[in-house]
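The values are calculated or read from the model by the stated rules, or taken from the named source; none is laboratory data. Not measured: the values here are computed from a predicted model. FYI the Cβ positions are ideal-geometry reconstructions off the backbone, even for glycines, and counts take in every protein chain you see.
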Amino acid sequence: MPEKIKNFINGNWINAVDGKTLKSINPADTSDIVGIVPHSGRKDIDMAVLAARNAYDKWRLTPAPKRGEIILKAAELLSKRKQEMGELVTREMGKVLPEGLGDAQEAIDMAYYMGSEGRRLSGETAPSELPNKDCKSVRVPIGVFALITPWNFPTAIPAWKMLPALVSGNTVVFKPSSYTPVYAAKLVEAFLKAIAKGVNSLDYTD
């Protein structure tokens, strides 16, 4: 029985507004339907963006070391689920299993790396030509990022995009490939056990 996947918006898993769906099919066995996923549209995107904007107000004020600690917890959770995640990569998009496991490992590595960046988000200071003055730069969050990722690295590329944005205090709306939407939902589920409610917003718009 195909798994039914929903969009994650504003802390809840919900169907597309218009109820449309897509099938995610195993490319090595077209009789194997991996999942039924929402076929989202403009209204779903607007909801996701609004949720991400609202989450941003709180997330950006979370101290960077704390944001990093949350992402490090995500790294640990992904490590525990590496075999499961790698097998799903293989089933949904067709990589051989060693490559699927390698894709999962890249996300784990990125999570450990970016989690540690929470304690390294420092600015710079430089001497000033004026007396009693200094010159400095301060890193500040920008806002909501729209992240669109391809099918060929369904773990690594989302991690490369999401984790730097999140550790820097931004929020994201994540649109995965329509060829790997089930895997994207499972990746977000793993993050949600560690990352604050409402920070990640999923939509499956083509």
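Quick one: in region 85-128, of everything that is among the hydroxyl-bearing types (S, T, Y) and more than 20 Å from the chain's Cα centre (by Cα), which residue is farthest from G35 (Cα to Cα)? Spell out the reasoning first.
We begin by selecting, within region 85-128, every residue among the hydroxyl-bearing types (S, T, Y); these are 90, 112-113, 116, 122, 125, 128.
Cutting the leftovers down to more than 20 Å from the chain's Cα centre (by Cα) gives us 122, 125, 128.
Details: S122: 43, T125: 52, S128: 60 Å.
Looking at residues that are among the hydroxyl-bearing types (S, T, Y) and more than 20 Å from the chain's Cα centre (by Cα), I get S128.
For every residue, the table says whether it meets (1) surrounded by 22 or more Cβ atoms within 10 Å (Cβ to Cβ); (2) β-branched (V, I, T); (3) over 19 Å from K161 (Cα atoms).
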position: G11; (1), (2), (3): no, no, yes
position: A52; (1), (2), (3): yes, no, no
position: R81; (1), (2), (3): no, no, yes
position: K95; (1), (2), (3): no, no, yes
position: Q105; (1), (2), (3): no, no, no
position: E117; (1), (2), (3): no, no, no
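Checking region 49-60 against the condition returns a match, with at least one residue being hydrophobic (A, V, I, L, M, F, W, C), in contact with a Gly (Cβ under 9 Å, 6 or more places away or on another chain) and more than 21 Å from A111 (Cα to Cα).
Please determine whether any residue of region 100-116 is out of contact with any strand residue (DSSP E or B) (no Cβ under 9 Å at 6 or more places or on another chain), in a loop (DSSP other than H, G, I, E, B) and at pLDDT 90 or above.
Kept after step one, since they are out of contact with any strand residue (DSSP E or B) (no Cβ under 9 Å at 6 or more places or on another chain), are these residues of region 100-116: 100-116.
Add one more test, that the residue is in a loop (DSSP other than H, G, I, E, B), and what stays is none.
Taking every residue of region 100-116 in turn, none turns out to be out of contact with any strand residue (DSSP E or B) (no Cβ under 9 Å at 6 or more places or on another chain), in a loop (DSSP other than H, G, I, E, B) and at pLDDT 90 or above.
The strands (runs of 3 or more DSSP E) located wholly in region 120-201 that include 1 or more residues which are within 28 Å of K4 (Cβ to Cβ) occupy 144-148, 171-175. Quick check on L192: is it touching a Pro at 6+ places or on another chain (Cβ under 7 Å) and surrounded by 18 or more Cβ atoms within 10 Å (Cβ to Cβ)? It is false that L192 is touching a Pro at 6+ places or on another chain (Cβ under 7 Å) and surrounded by 18 or more Cβ atoms within 10 Å (Cβ to Cβ).
Helices (runs of 4 or more DSSP H) fully within region 1-94 that include at least 1 residues being of a type in the set (S, T, Y) and farther than 27 Å from R139 by Cα: 64-80, 82-93. Within region 14-29, being in contact (Cβ under 8 Å) with a residue 60 or more places away in the chain and either within 21 Å of the chain's Cα centre (by Cα) or more than 18 Å from A184 (Cα to Cα) (or both) holds for A16, L22, S24, A28. One residue stands out among those in region 150-169 that are surrounded by 22 or more Cβ atoms within 10 Å (Cβ to Cβ) and not hydrophobic (A, V, I, L, M, F, W, C): the one that is nearest to R119 (Cα to Cα), which is P158.
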